[in-house]
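Report on one structure; see the data block that follows.
No value in this document is a laboratory result; all are computed from the given coordinates. All figures in this text were calculated on a predicted structure; none of them were measured in a lab. Cβ placement follows ideal geometry from the backbone for every residue including glycine, while neighbour counts extend to all protein chains displayed.
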Amino acid sequence: MVSDTPLILFKDMDEEITWPCDVCDEQRPDVVISLRRATATVDSEVILEYRVRYCGDRARCQDQSRRLATARLMHLLSVMVSRS
Ligand SMILES: [Zn+2]
């Protein structure tokens, strides 16, 4: 039986979507948050990916996010290697 009550999801337009920046830990609006991906590849195939959210409007966060993404990815890889 199909319900005749349509499911409508109302989004409060005043409610801003925010994300925490992985560099400065601040909650920032969705529009200024960018995503950086660090990937580990083997024979051009992605075996591991790490994503870092950062403030796209802040030079410091942009800069640090590159380092952070690489550092976290390296850490994940070292954990994987030590377990194998
Ligand atoms: Zn930030």
Of Q62, V42, T18, whose Cα points farthest to the positive end of the dipole of the chain (charges on the beta-carbon: +1 Lys, Arg; -1 Asp, Glu; origin at the Cα centre)? V42
Apply the Karplus curve 6.51 cos²θ - 1.76 cosθ + 1.60, θ = phi - 60°, to the phi angles in the stretch 54-70 and return the couplings in whole Hz, x for Gly and Pro. 8, 6, x, 9, 10, 4, 5, 5, 4, 5, 5, 4, 5, 5, 4, 4, 5
Distant-in-sequence amide H partners of V23 (H built 1.01 Å from N, under 5 Å): C55
Could you give each residue of the stretch 74-83 its phi-based ³J(HN,Hα) in whole Hz, using Karplus coefficients 6.51, -1.76, 1.60 with θ = phi - 60°, and x for Gly or Pro? 4, 5, 4, 5, 5, 5, 4, 5, 5, 8
Residues with amide H under 5 Å of I33's amide H, sequence separation 5 or more or different chain, H placed in the peptide plane at 1.01 Å from N; which? G56
How would the chain be classified by its alpha-carbon gyration tensor: rounded, prolate or oblate, with rounded meaning a/c under 1.5 and the a/b versus b/c comparison settling the rest? oblate
Per the helix-only model, the chain has a calculated mean residue ellipticity at 222 nm (DSSP H runs of ≥4, -39500 (n - 2.57) each, divided over all residues, rounded to the nearest 500) of -10500 deg cm²/dmol
Interchain or sequence-distant (5+) residues whose placed amide H lies within less than 5 Å of the amide H of L48 are A40
